[in-house]
Amino acid sequence: MQIEISGLHKTYTGAQPLHVLKGIDLSIEKGEFVSIMGASGSGKSTLLNILGILDNYDEGEYRIDGTLIKDLSERQAADYRNRMIGFIFQSFNLISFKTAVENVELPLFYQGVPRRKRHERAMEMLERVGLTDWAGHYPNEMSGGQKQRVAIARALITYPKIILADEPTGALDSKTSAEVMELLSHINEKYGATLIVVTHESGVANCTNRIIHIKDGMIGEIEDNSAHKASMFGAATVMK
Amino acid sequence: MGDLFIEIWESVRRNKLRTSLTGVAVAWGIFMIIVLLGAGNGLMNAVMDNTGDVQTNTMMIGGGWTSKPYDGLSAGRRIRLDDKDVATIAGPAFIEHVDEVSATVSQSGTVSYGDNHFSGSLSGIYPGYAEMEGVKMTRGRFINPRDIEESRKVAVISTRNARNLFENTDYESCIGKRIKVADVSFRIVGVYQVNESDMSSEVFVPFTTLKTVYGKGEEIGELIFSFHGLDTEQDNEQFEKHVKAVVNQAHRAAPDDERAIWIWNRFTEDMQMNNAVRILNIALWIIGIFTLMSGVVGVSNIMLVTVKERTHEFGIRKAIGARPSAISSLIITESVLITAFFGYIGMVLGMLACMYLDATVAQHTMEVMGTQISMMKDPTVGLDVAVEATLLLVLAGTLAGLAPARKAAAVRPIEALRAD
């Protein structure tokens, strides 16, 4: 198992403590393409943050390839994120004053890769997502789909063990959404990266091979969707 | 490192106006420091220059008027120093501190050579006078012990006197010539250097010669002596009191009479001057640093604004693996670079202002009591101040960046990314 989670609890402290995750047990194998579905407030975003080492948890265990991810220093967390995890966000989160290729280079910058090497690898990555011609453009000169493809290239550049996508199609139209999901499945198949997509769109979830439903901070149903015939809408479901 | 500078350049470029406005405050601070220190240096140099090279551990004693009745004598009596006082000061009572004792006696008169003449004053002195008063010889020699012993009729004149009498500047040719002072002829043995601005330039002759020739008897003008081992102002004060008591009593004046004789202590005066110079210097630095501080606060402020504006960006950077130190070094380096860049502009402008002062104020002299005094001399700062100012700038930049950098490093990616 690449990702092993057992008995995970998370409570947000505050004036009114909020018990968000109430004992999650989950294992994901290397190279899997899974989606986590749930309504807003179900705890799926919190789970994703913990998976992405952006947030910590109170109880339980989270292991990546056997390494316990718990109580890390900021510096360690940053290094783990840099080397193990690639992020794809709903709002792309590209740096606006950097060109596409500079955005893709950034994770390598924090690994200390020399500039020329960085540029070479970033160009290669942009080619894979079909954006070679857009390398010198700034994010505000690109369409949503193009921006998301830049973000995907950025997530892939360090060859992370896990790619986490938080509503990757949330800001895209249906046609572009389909293209992005196709690109993600392609990456999953071709490079064997573990892909975890958090979504509330069943069309998106239907593209994945396993659907994990989360409800009120607990794991609900886990559907095997290798045939891509998710229960709710069936095989012919359109994306939106 | 190069990448870091590119990142910073991008950030500065996006906030050109804001950055340069703040930079002006920093530049102004450093400008003030440099100009203040430069002007201060100029003032001090001028003072030092006007004092020349006199030996500082000397005291001069002269006669005054008694201010209180004593021993049956009324107040207001003139006290004249004499040879006995010289013996007293050089004697066992003060042997612990006094090194060399010298006395002067003076006589005014017309000094002539052929048709050329000027009215001046003759000073009868001992050989030690040259060292104590910083007399610099241009040609020939100063009065020596044999001149004193044999009461030779020899004279040392100033370069100015030489020009008056011989109408040329070939001082060498003056040596051996005979000048007349009130019908007494003296052979010139040396020419000493005087400042062009110095109005009074005496003719030096041996102490003993002047006394015998002009019939001065026991009386002397002033008594000068060098001393050692009086390091504090308090020591000096006590010593002066002791001298006064002893000399006063020799002249039948009250030992505690402050006016019977006067003492001018070069050492304490010099000490006070050095103190004043030091205090002035510190004061100038403090003023400068406070001025710079407003610049630092400004830089700190824009860096805070920058961090706030870039929270989202820092969140992204951290999410994709930037360590907190990578973020904070970005901010601190930016702060140091802004401070250093504008600081250097201020420094260069400050140096230019110092050069301007040098070309204007420093060229003017003022006449004070017959002496030309320059207001400023060489009002510039040295390399040491430039280095200190550079260090100060780096320190100031780091200080300015510290709080914003910590804030930037503490950005939590989830919160930063949520806020869009």
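The values are calculated or read from the model by the stated rules, or taken from the named source; none is laboratory data. Only a predicted model underlies this, so the values are computations on that prediction, with no experimental measurement involved. Methodologically, a virtual Cβ is constructed for each residue, glycine included, from the backbone with ideal geometry; neighbour enumeration extends over all protein chains shown. SASA here: full protein model, heavy atoms, side chains in, ligands and nucleic acids out. Shrake-Rupley method; radii C 1.70, N 1.55, O 1.52, S 1.80 Å.
Evaluate Rg over Rh across chain A, taking Cα atoms for both radii and Kirkwood's formula for Rh.
Computed over Cα atoms, the ratio is 0.96.
Hey, any idea what Rg/Rh is for segment A:92-135, computing Rh the Kirkwood way over Cα pairs?
Radius of gyration over Kirkwood radius for segment A:92-135 works out to 0.95.
Please give the peptides B:74-81, A:166-173, B:204-211 ranked by average Cβ packing (other Cβ atoms within 10 Å per residue), highest first, as a rough proxy for protection.
Descending mean neighbour count gives B:204-211, A:166-173, B:74-81.
In whole Å, what three semi-axes, largest first, describe the equivalent ellipsoid of chain B built from its Cα gyration tensor (square root of 5 times each eigenvalue)? Show your work: numbers first, answer last.
Details: eigenvalues 916, 143, 49 Å².
So the equivalent ellipsoid measures 68, 27, 16 Å along its semi-axes.
So how exposed is A:R63, as accessible area in Å² (1.4 Å probe, rounded to 10)?
Taking all protein chains as shown, A:R63 has close to 70 Å².
With every protein chain left in place, what is the accessible area per residue of the protein assembly as shown in square angstrom, probe 1.4 Å?
Dividing the accessible area of the protein assembly as shown by its residue count gives 47 Å².
What percentage of the solvent-accessible surface of chain B, computed with a 1.4 Å probe over protein heavy atoms, is contributed by carbon and sulfur atoms?
The computed percentage sits at 58.
With N denoting the number of residues in segment A:1-134, provide Rg(C-alpha) divided by 2.2 N^0.38 Å, to two decimal places.
This ratio for segment A:1-134 stands at 1.23.
Could you name the aspartates and glutamates in cross-link range of A:K22, using Cα to Cα under 15 Å and dropping any fewer than eight places away on the same chain?
Excluding near neighbours in sequence, the set is A:D58, A:E59, A:E61, A:D216.
Does the protein assembly as shown classify as rounded, prolate or oblate by the C-alpha gyration tensor (a ≥ b ≥ c root eigenvalues; a/c under 1.5 gives rounded; else a/b over b/c gives prolate, otherwise oblate)?
prolate
Below 8 Å between Cα atoms, with a sequence gap of 6+, how large is the relative contact order for chain A in percent?
The value is 27 percent.
What fraction of the DSSP beta bridges in the protein assembly as shown is antiparallel, stated in percent and rounded to the nearest 5?
Close to 70 percent.
Per residue, how big is the convex hull around the C-alpha atoms of segment B:277-390? Give it to me in cubic angstrom, could you?
126 Å³
Taking 8 Å as the Cα distance limit and 6 or more residues as the minimum spacing, I'd like the relative contact order of segment A:1-96 as a percentage.
Computed over segment A:1-96, the figure is 31 percent.
If you take the square roots of the eigenvalues of the alpha-carbon gyration tensor of segment B:75-137 and sort them as a ≥ b ≥ c, do you get rounded (a/c under 1.5), prolate (a/b over b/c) or oblate? Write down the numbers at each step before the final one.
Values: a/c = 3.70, a/b = 1.62, b/c = 2.28.
Oblate is the answer for segment B:75-137, as a/c is 1.5 or above yet b/c matches or exceeds a/b.
Excluding ligands and nucleic acids, what accessible area in Å² is computed for B:Y344 using a 1.4 Å probe, to the nearest 10?
100 Å²
Sort A:L26, B:L21 by heavy-atom solvent-accessible area, probe 1.4 angstrom, most to least. Don't skip to the end; give the middle numbers.
Working: A:L26 5, B:L21 115 Å².
Descending order: B:L21, A:L26.
Quick one: net charge around B:G401, please, counting Lys, Arg +1 and Asp, Glu -1 for every other residue with C-beta under 15 Å from its C-beta.
+2
Quickly rank A:177-184, A:69-76, A:39-46 as a protection proxy: mean count of other C-beta atoms within 10 Å, highest first.
So the peptides A:177-184, A:69-76, A:39-46, ranked by packing, come out A:177-184, A:39-46, A:69-76.
How shielded is A:79-85 by partner chains, expressed as the average number of their Cβ atoms within 10 Å of its Cβ atoms?
Neighbouring Cβ atoms belonging to other protein chains average 3 per residue here.
If I compute solvent accessible area with a 1.4 Å probe over the protein chains, what percent of it on chain A is carbon and sulfur?
Taking all protein chains in place, chain A shows 48 percent carbon and sulfur surface.
As a test of the definition: with a 1.4 Å probe, what buried accessible area, both sides summed, do you compute for A against B, in Å² to the nearest 100?
Details: alone 11770 and 21650 Å², together 31090 Å².
The buried area between A and B, both sides summed, comes to about 2300 Å².
Could you work out the local net charge near B:I220, counting Lys and Arg as +1, Asp and Glu as -1, over the other residues with Cβ closer than 10 Å to its Cβ?
Once positives and negatives cancel, what remains is -2.
Summing +1 for each Lys or Arg and -1 for each Asp or Glu, what net charge is found among the other residues whose Cβ lies under 10 Å from the Cβ of B:I61?
Values: positive: B:K244; negative: B:D85, B:E222, B:E240.
With Lys, Arg at +1 and Asp, Glu at -1, the net is -2.
How large is ³J(HN,Hα), in whole Hz, for each residue of segment B:117-126 in order, when computed from phi with the Karplus curve 6.51 cos²θ - 1.76 cosθ + 1.60 and θ = phi - 60°, using x for Gly and Pro?
Working through the residues one at a time gives 7, 8, 9, x, 10, 9, 10, x, 9, 9 Hz.
Express in Å², to the nearest 10, the accessible area of A:Y191 obtained by rolling a 1.4 Å probe over the protein heavy atoms while all chains stay in place.
Roughly 80 Å² of A:Y191 is accessible to a 1.4 Å probe.
Taking every DSSP beta bridge with both residues inside segment A:3-224, roughly what % is antiparallel (nearest 5)?
Here the antiparallel bridges make up roughly 55 percent for segment A:3-224.
State which stretch of chain B is the longest one without any exposed GluC sites (Glu not before Pro), exposure meaning a DSSP loop state and at most 12 other Cβ atoms within 10 Å.
Longest run free of exposed loop sites: B:219-420.
What value, in deg cm²/dmol to 500, does the helix sum -39500 (n - 2.57) over DSSP H runs of n ≥ 4 give at 222 nm once divided by the residues of chain B?
Theoretical 222 nm ellipticity from helices: -18000 deg cm²/dmol.
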